[in-house]
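Enquirer: One structure follows; several queries about it will come next.
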Amino acid sequence: MTRLAVNRKLSDLRSARDRHAVSATSLAVSEARMHALQAARALCQSVAESVQASTHKQVAGLVRRCLDAVFGSGAFGFDIRFEQKRGRTEAKLLFTHDGNEIDPVEAGSGGAMEVAAFALRLACLTLSTPQPRRLLVLDEPFKAVSQDNLPAVRELLEALAADTGTQILMVSHHEALRTGTVVTL
């Protein structure tokens with residue numbers, strides 16, 4: 001091999017070593033970024049799970065409180081099941097009656113769905129950020145609740161309004177729900 005050929009080969013070798021060094025540095029930087037992103041993702045997941053647990057506690061607790069106040073302790077249960085689907089967390093609302101999971105819409109639950117819907121609206125209002133003026137406007141919200149349970153609904157509304165600082169404006173034909181300032185039209 002001639003001296004010129006050897007010099008070309010040495011030049012090619014140096015060039016290859018330089019490209020390798022650049023690639024190795026680029027790989028190290030990419031791996032460091034990947035590890036940082038994985039750590040950030042883990043932190044975000046941890047924070048999200050913490051917020052999810054706190055929100056679950058507040059929402060499910062309020063719904064259970066309302067159901068217990070109207071229908072008696074333990075008559076209806078409520079829980080939220082969080083499931084990972086399609087890269088997102090989805091929430092499924094679960095109702096139970098006598099220990100069995102039910103669909104309150106199909107089960108004719110005697111107004112339990114209306115009470116739970118009211119509690120969910122109130123939970124959304126109290127969890128909102130920034131805090132809006134706490135005003136809840138309701139139009140015949142408890143029409144499926146039996147007459148026997150309406151006094152418990154009235155007491156619940158009074159207690160929740162005081163506890164959460166929420167003003168409730170309600171249209172209703174039920175005399176048993178009259179509380180606070182009543183305007184007859």
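What follows draws every value from the coordinates through simple rules; no lab data is involved. These numbers were taken from a predicted model, which means no experiment stands behind them. We place every Cβ from the backbone using ideal geometry, glycine too, and count neighbours over all the protein chains shown.
Enquirer: Asp139 to Leu94: extension gain in nm, 0.36 nm per residue of separation minus the Cα-Cα distance?
Expert: Values: separation 45, 0.36 × 45 = 16.20 nm, distance 2.51 nm.
Stretched out fully, the Asp139 to Leu94 stretch lengthens by 13.7 nm.
Enquirer: Using Cα centres only, tell me the gap between segment 73-88 and segment 107-182 in whole Å.
Expert: That distance is 22 Å.
Enquirer: Take every DSSP beta bridge whose two residues both sit in segment 39-185, then give the antiparallel share in percent to the nearest 5. Don't skip to the answer; put the middle values down first.
Expert: Values: 13 of 18 bridges.
Rounded to the nearest five, the antiparallel share is 70 percent.
Enquirer: Sticking with this one: What relative contact order, as a whole-number percentage, does the chain give when Cα pairs under 8 Å and 6 or more residues apart are counted? Display every interim value, and only then the final one.
Expert: Working: 153 pairs, mean separation 28.4, N = 185.
Across the chain, relative contact order equals 15 percent.
Enquirer: Could you tell me the ratio Rg/Rh of segment 34-129? Both radii from Cα atoms, Rh via Kirkwood.
Expert: On the way: Rg = 16.3 Å, Rh = 14.9 Å.
Rg/Rh for segment 34-129 comes to 1.09.
Enquirer: At 222 nm, what value in deg cm²/dmol follows for the chain if DSSP H runs of at least 4 each add -39500 (n - 2.57) and the sum is divided by all its residues, to the nearest 500?
Expert: Details: 4 runs with 104 residues, N = 185.
Result for the chain: -20000 deg cm²/dmol, rounded to the nearest 500.
Enquirer: What does the charge count around Leu156 come to, taking other residues whose C-beta lies under 11 Å from its C-beta (Lys +1, Arg +1, Asp -1, Glu -1)?
Expert: Numbers: positive: Arg65, Arg154; negative: Asp68, Glu155, Glu158, Asp163.
Local net charge: -2.
Enquirer: Mind listing the Cα extents of the chain along all three principal axes, in Å, largest one first?
Expert: Per principal axis, max minus min of the Cα coordinates gives 110, 38, 24 Å.
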